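Comments concern the structure below.
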Amino acid sequence: MSQIYDDNNIFSKILRGEIPCHRVYEDEMTLAFMDIMPDTRGHVLVIPKCKAVNLADLPLDYGAAVLATAQKVMKAQQKVLGVEGSVALQLNGSSIGQSVFHYHLHLIPTNLYNISRDPAPNKMANHDELAALAKELAHQIHAK
């Protein structure tokens, strides 16, 4: 059963500017920002600027835009954090662990796939550290 989009979900509020975030990258169709409850240092979320609960609801043009943004962020994560890759994780539905019902892609930088996901992240990250890392990642994305 498909979930009805809630205009008051936290990502919708972030897109409207009602809740701050540590922006890494933004364009007309997407926003990438630091996860405040990260699985690893440098964990970034990429969201579309459209109403979509999960992958089944996501218009294809926004899906392509999310993937293009994800590529930029992943390349920046590799350079800034010195990791070989990232786990790209996307959950569809509460039974599988989706907790915010606005489509989002997790980009979790790592050298090894050893991440054990807890349905509730353990702790909030330091906002000063998130802001500094977001700035480094954004600079790397825009570097020529």
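The values are calculated or read from the model by the stated rules, or taken from the named source; none is laboratory data. Every value quoted in this text rests on a predicted model; they were computed, and no experiment measured them. FYI the Cβ positions are ideal-geometry reconstructions off the backbone, even for glycines, and counts take in every protein chain you see. Each accessible area value is taken on the protein alone, full model and side chains, heavy atoms only, with ligands, DNA and RNA left out. Shrake-Rupley method; radii C 1.70, N 1.55, O 1.52, S 1.80 Å.
Some notes on this structure:
- Scanning region 55-67 for residues that are over 14 Å from E26 (Cα atoms) and either part of a loop (DSSP other than H, G, I, E, B) or open to solvent by less than 10 Å² (accessible area, probe 1.4 Å) (or both) turns up L58, P59.
- Among residues that are over 21 Å from K135 (Cβ atoms), out of contact with any helix residue (DSSP H, G or I) (no Cβ under 6 Å at 6 or more places or on another chain) and open to solvent by 20 Å² or more (accessible area, probe 1.4 Å), L89 is included.
- Just one of the listed residues (A76, A52) is within 21 Å of N8 (Cα to Cα) and in contact with a Leu (Cβ under 6 Å, 6 or more places away or on another chain), namely A52.
- Residue in region 15-24 that is open to solvent by 20 Å² or more (accessible area, probe 1.4 Å), of a type in the set (V, I, T) and either touching a residue at least 24 places away in the same chain (Cβ under 8 Å) or not in a loop (DSSP other than H, G, I, E, B) (or both) present: no
- Only one of the listed residues (A32, A52) is open to solvent by less than 40 Å² (accessible area, probe 1.4 Å), modelled with pLDDT of 95 or more and touching a strand residue (DSSP E or B) at 6+ places or on another chain (Cβ under 9 Å). That residue is A32.
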